[in-house]
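**Q** One structure is given below, represented as structure tokens, and several questions about it will come after.
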Amino acid sequence: MSPTPAWQARNFLIRATVLRDKIPSLDEYPFSIPAIGNLHEIRFDQPVTFFIGENGSGKSTLMEAIAVASGLNPEGGSRNFNFSTRASHSGLKDYLRLTRSPRRARDSYFLRAESYFNVATQIEALDDELLGGPKIIGAYGGRSLHEQSHGESFFALFMNRLGGDGFCRCRSSRCPHADAGCA
């Protein structure tokens, strides 16, 4: 099947191409992971893409690199989140070329369950600042994410914050929709 022309694509992200000629060494992380080292291109032809594989096979590394290359915070959140508790993401994003459709996502979000606590803390910190305007937590259902169970806080995110017609990346075996990329 021939690829859909970019102008006809229904997804915001059409493909991610690894710039293999720029990679300094396939023996170094993250390229030492076989699935990453052997990757040339991944196409996003369907509205939802699932990455499935064993622990340590490169799913999170690839998803994180796509999210960061898309302008999202490596620790999670929307394009408007720009905080860091510890830089721990790989350099894979520097070797990816993302092909996007002419359609632009109204919203983007990277859900990384292992740092969702940090996103919840950042929401509270920003809401505590006296800047005026509506509280950010309102976009998550109006109740502190720290005052909900893990599952309830994910549900609050999905039901209140992610409204569709956007680009999201979810990563965690603890996430209700583990390793799902939805556009």
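Read-outs: derived from the displayed coordinates by stated rules, not from any lab. Here the structure is a predicted model, which means the values were calculated and not measured. For neighbour counting, all protein chains shown are included, and Cβ atoms are generated from backbone atoms with ideal geometry for every residue, glycine included.
**Q** Tally time: how many residues in the range 76-99 are within 15 Å of the chain's Cα centre (by Cα), over 16 Å from residue 58 (Cα atoms) and assigned to a strand (DSSP E or B)?
**A** The total comes to 3.
**Q** Also: Restricting attention to the range 46-76, and to residues there that are aliphatic (A, V, I, L, M) and surrounded by fewer than 19 Cβ atoms within 10 Å (Cβ to Cβ), which single residue is farthest from residue 110 (Cα to Cα)?
**A** Taking the range 46-76 first, the residues aliphatic (A, V, I, L, M) are 48, 52, 62-63, 65-69, 72.
Among the residues that remain, those that are also surrounded by fewer than 19 Cβ atoms within 10 Å (Cβ to Cβ) are: 48, 52, 69.
On the way: 48: 14, 52: 18, 69: 12 Å.
Ranking the candidates gives 52 first.
**Q** What residue, among those in the range 101-117 that are in a strand (DSSP E or B) and either hydrophobic (A, V, I, L, M, F, W, C) or in contact with a Leu (Cβ under 9 Å, 6 or more places away or on another chain) (or both), is nearest to residue 11 (Cα to Cα)? Can you show your working first?
**A** Initially, the range 101-117 is screened for residues in a strand (DSSP E or B), giving 108-112.
In the following step, the residues that additionally are either hydrophobic (A, V, I, L, M, F, W, C) or in contact with a Leu (Cβ under 9 Å, 6 or more places away or on another chain) (or both) were identified as 108-111.
Numbers: 108: 13, 109: 15, 110: 16, 111: 19 Å.
Only one residue tops the list, namely 108.
**Q** For residues that are surrounded by fewer than 19 Cβ atoms within 10 Å (Cβ to Cβ) and not charged (D, E, K, R), tally how many sit in the range 99-112.
**A** Number satisfying all stated conditions: 3.
**Q** Run down 123, 66 and say which single residue is within 28 Å of residue 35 (Cβ to Cβ) and aliphatic (A, V, I, L, M). Spell out how you get there, then give the answer.
**A** On the way: 123 fails: within 28 Å of residue 35 (Cβ to Cβ).
When all the criteria are applied, what remains is 66.
**Q** Here's another thing I want to ask about it. Of the numbered conditions (1) over 14 Å from the mean Cα position of the chain (by Cα); (2) free of Cβ contacts under 8 Å to residues at least 40 places away in the same chain; (3) under 30 Å from residue 144 (Cβ atoms); (4) surrounded by 19 or more Cβ atoms within 10 Å (Cβ to Cβ), residue 122 fails exactly one; give the number of that condition.
**A** Failed condition: (2).
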